[in-house]
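Encoded as structure tokens, the structure appears first; notes follow it.
The values are calculated or read from the model by the stated rules, or taken from the named source; none is laboratory data. Here the structure is a predicted model, which is why all the values come from computation and not from measurement. Cβ sites come from the backbone with ideal geometry, for glycine too, and all protein chains shown count toward neighbours. Protein only, heavy atoms only, side chains kept; ligands, DNA and RNA dropped before computing areas. Shrake-Rupley method; radii C 1.70, N 1.55, O 1.52, S 1.80 Å.
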Amino acid sequence: MEHGFTWFSRLPFIADDPERQLIFTTIFIAAVLFIISATVFNSIKKSTNPLIPQKKLSFQNFFELVIQATINIMKDIIGHHAEKYLPLIGGLFVFILFCNLLGLIPGFIPPTSNLYTNASCAIIVFVYYNYQGFKEHGIKYLKHFAGPIVILAPMMFIIEVISHLFRPLSLMIRLYGNISGDHQVLNIFSGLVPLLVPVIFLILGLMVAFIQAFVFATLSTVYIGLAVSHEH
Amino acid sequence: MKKRRMAVMLVVFGLFLLVSSPVLAQEGAETSGGSMAKGLIGLGAGLAIGLAALGGGIGQGTTAGSAQQGIARNPGAADKMFVPYILGLAFIESLVLYAFVIAFLLKGMM
């Protein structure tokens, strides 16, 4: 996708290669997140009573809000033991949210408007929920693929495997299409009328950025919940 | 007071026209005389995303309408309905996005 000026195109080593710019942007996001979480960790460690929330809006409050909301939604979907899966889901949510929000700053390309970034996230989710399924049920996890009737099992197995393989694909394409489409709409309208009109699409972009990160995290939770659930 | 407001609105409108007119003028100038195949590919890309948006719009409209009916009947259930509602919208939207990706592929063929 063609893009106008970007800030990272001014850097010497990665100037003329869009893929290097993409990788650098992703590393940049990861570094920003690492610094923020390190400061939050330090501030929690230093405070005398961590249970009392801070007075003003800070990064600590932001992370407490995000983690609490994520745990609540995960408990609704998975049930007990939902905290076990928090590191992956919460990490994915915050990473994708920051990636999406970066696209709203002029001169930055959101890393999630590229298929490869999304593919790596989606493949991690795919491997992780199958691993958790095997860990929870052992070899009986394969029963999930077989369907209720024994005679139909061979046919159901093929259908289920295909539908499972489509899960990471649809996760990947959904995020890519939404973010790159949103970025392009913003691009076109700010090229057409640079005054005031792009503000509408920036607000829309804020909503899309949040909702897509939320959807990615929630769908990952649903997949994990389906893999580890016991049928009573 | 009213006159001043009118004047401000007129100035803003004039600025819009001023800013947007060179862009609109440029569009007419470039008309590439492509072959038949290119035109058909463009038509296909436009139809793909247009029809997908039509279907997705109907589907999402039904979803949002039923969710609002549900909330109107039982406002207490609004919190519990939020996650399935967003997930339903996302599933419908993903179908439209497949068409969007295909339209992009077609545009790449032109």
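Table: residues versus (1) modelled with pLDDT under 95; (2) part of a helix (DSSP H, G or I); (3) touching a helix residue (DSSP H, G or I) at 6+ places or on another chain (Cβ under 7 Å); (4) under 30 Å from B:Leu105 (Cα atoms).
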{"position": "B:Gly46", "(1), (2), (3), (4)": "yes, yes, no, yes"}
{"position": "B:Gly50", "(1), (2), (3), (4)": "yes, yes, no, yes"}
{"position": "B:Gly70", "(1), (2), (3), (4)": "yes, yes, yes, no"}
{"position": "B:Ala77", "(1), (2), (3), (4)": "yes, yes, yes, no"}
{"position": "B:Phe82", "(1), (2), (3), (4)": "yes, yes, no, no"}
{"position": "B:Tyr85", "(1), (2), (3), (4)": "yes, yes, yes, no"}
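The residue that is farthest from the other protein chains (Cβ to nearest Cβ), counting only those in the range A:179-190 that are of a type in the set (Gly, Ala, Ser) and surrounded by fewer than 22 Cβ atoms within 10 Å (Cβ to Cβ), is A:Ser190. Here the condition is being exposed (fewer than 13 other Cβ atoms within 10 Å of the Cβ) and more than 22 Å from the chain's Cα centre (by Cα); of A:Val197, A:Val193, A:Val150, A:Val127, it holds for A:Val150 alone. Condition check for A:Ile71 on (1) touching a residue at least 60 places away in the same chain (Cβ under 8 Å); (2) in contact with an Asp or Glu (Cβ under 9 Å, 6 or more places away or on another chain): one failure, at (1). Within the range A:4-20, being hydrophobic (A, V, I, L, M, F, W, C), open to solvent by less than 40 Å² (accessible area, probe 1.4 Å) and at pLDDT 75 or above holds for one residue alone: A:Phe8. Each residue in the range B:66-110 was checked for being of a type outside the set (Lys, Arg), open to solvent by 70 Å² or more (accessible area, probe 1.4 Å) and within 11 Å of chain A (Cβ to nearest Cβ), and 6 of them qualify. Of all residues being more than 15 Å from A:Leu226 (Cα to Cα) and in a loop (DSSP other than H, G, I, E, B) in the range A:56-88, which is farthest from the chain's Cα centre (by Cα)? Just the residue, please. Out of the qualifying residues, it is A:Lys56.
Only a single criterion out of (1) open to solvent by less than 90 Å² (accessible area, probe 1.4 Å); (2) more than 14 Å from chain A (Cβ to nearest Cβ) is not satisfied by B:Leu54, namely (1). Across the range A:89-109, the qualifying residues are those that are β-branched (Val, Ile, Thr) and in a loop (DSSP other than H, G, I, E, B), and the one among them that is surrounded by the fewest Cβ atoms within 10 Å (Cβ to Cβ) is A:Ile105.
If you filter the range A:200-232 down to residues that are within 17 Å of B:Glu93 (Cα to Cα) and open to solvent by 50 Å² or more (accessible area, probe 1.4 Å), you find that the one that is nearest to the other protein chains (Cβ to nearest Cβ) is A:Ile211. Screening A:Tyr176 on (1) under 28 Å from A:Ile71 (Cα atoms); (2) free of Cβ contacts under 8 Å to residues at least 12 places away in the same chain; (3) open to solvent by 20 Å² or more (accessible area, probe 1.4 Å) shows it passes everything except condition (2).
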